[in-house]
Amino acid sequence: MRKLIKLARKRLFTWIARRSAGQGRENITANGYTKLTRKTRLGRNVHFNGMRINGDGNVVIGDNFHSGEECLFITSIHNYDTGDAIPYDDTYIHRDITIADNVWLGSRVIVLGGVSIGEGAIIQAGAVVTKSVEAFGIAGGSPAKVFKKRNEEHYLRLKSEGKFH
């Protein structure tokens, strides 16, 4: 019975994610509640364990992406600096997010607009990504900082052998 419930949840969450995505809808697997936007473009083999994308900025997610539970992308912020009211006015500032191929986000990662995450990067659970992360970087913290790099030679060998999860 447990397996049946798990399968039903996966089908429901995948259906919700596909309905809310822009391009690449057929490439989604969602094991947790996932709400995307029409401005979301997905690569192949994309796996969500829970994702919410808020805002009107564009989001591009590359191939073989995996997210942990309860991740959040924020692509729009209130206009607090040049608006005509305090603390902010009725306008928004939109910033895009770009995620390269083979990126893995841990649970409860927050990515802010204007950020790019490079190929093969890993973002530690609970991180708040406010600046771009280089390819093969392993980043964590708030704000997230790269504290280690993946073994690039090993990564590239696995990639050339087509060994993707």
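Residues in the stretch 25-41 that are within 23 Å of Arg95 (Cβ to Cβ) and β-branched (Val, Ile, Thr) were compared, and the one that is surrounded by the fewest Cβ atoms within 10 Å (Cβ to Cβ) is Thr37. Where strands (runs of 3 or more DSSP E) sit wholly within the stretch 92-158, those with at least 2 residues that are over 17 Å from Thr75 (Cα atoms), out of contact with any Pro (no Cβ under 9 Å at 6 or more places or on another chain) and in contact (Cβ under 8 Å) with a residue 12 or more places away in the chain occupy 137-141, 144-149. Considering the stretch 21-49, the residues that are in contact with a His (Cβ under 9 Å, 6 or more places away or on another chain) and among the β-branched types (Val, Ile, Thr) include one that is modelled with the highest pLDDT, namely Val46. Against the list (1) surrounded by fewer than 15 Cβ atoms within 10 Å (Cβ to Cβ); (2) free of Cβ contacts under 8 Å to residues at least 24 places away in the same chain, the condition Phe164 fails is (2). Scanning the stretch 42-77 for residues that are touching an Asp or Glu at 6+ places or on another chain (Cβ under 6 Å) and either part of a strand (DSSP E or B) or surrounded by fewer than 17 Cβ atoms within 10 Å (Cβ to Cβ) (or both) turns up Arg44, Ser76.
Pick from the stretch 133-161 the residues that are aliphatic (A, V, I, L, M) and more than 15 Å from Gly106 (Cα to Cα): which of them is surrounded by the most Cβ atoms within 10 Å (Cβ to Cβ)? Spell out the reasoning first.
If we filter the stretch 133-161 for residues that are aliphatic (A, V, I, L, M), which is where we start, we get 133, 135, 138-139, 144, 146, 156, 158.
With the extra rule that they be more than 15 Å from Gly106 (Cα to Cα), the set shrinks to 135, 156, 158.
On the way: Ala135: 18, Leu156: 13, Leu158: 14.
The selected residue is Ala135.
Cβ-Cβ distances below 6 Å connect the following pairs, each with a first residue in the stretch 25-44 that is over 20 Å from Trp104 (Cβ atoms), a second residue that is part of a strand (DSSP E or B) and at pLDDT 95 or above, and a separation of six or more residues or different chains: Lys35/Arg52; Thr37/Ile53. Within the stretch 78-91, the set of residues being assigned to a loop (DSSP other than H, G, I, E, B) and not polar (S, T, N, Q) comprises Tyr80, Asp81, Gly83, Asp84, Ala85, Ile86, Pro87, Tyr88, Asp89, Asp90.
The values are calculated or read from the model by the stated rules, or taken from the named source; none is laboratory data. This one's a predicted model, so the numbers in the text were calculated from it and none came from an experiment. Using ideal geometry, Cβ is built from the backbone for each residue, glycine included, and neighbour counts are taken over all protein chains shown.
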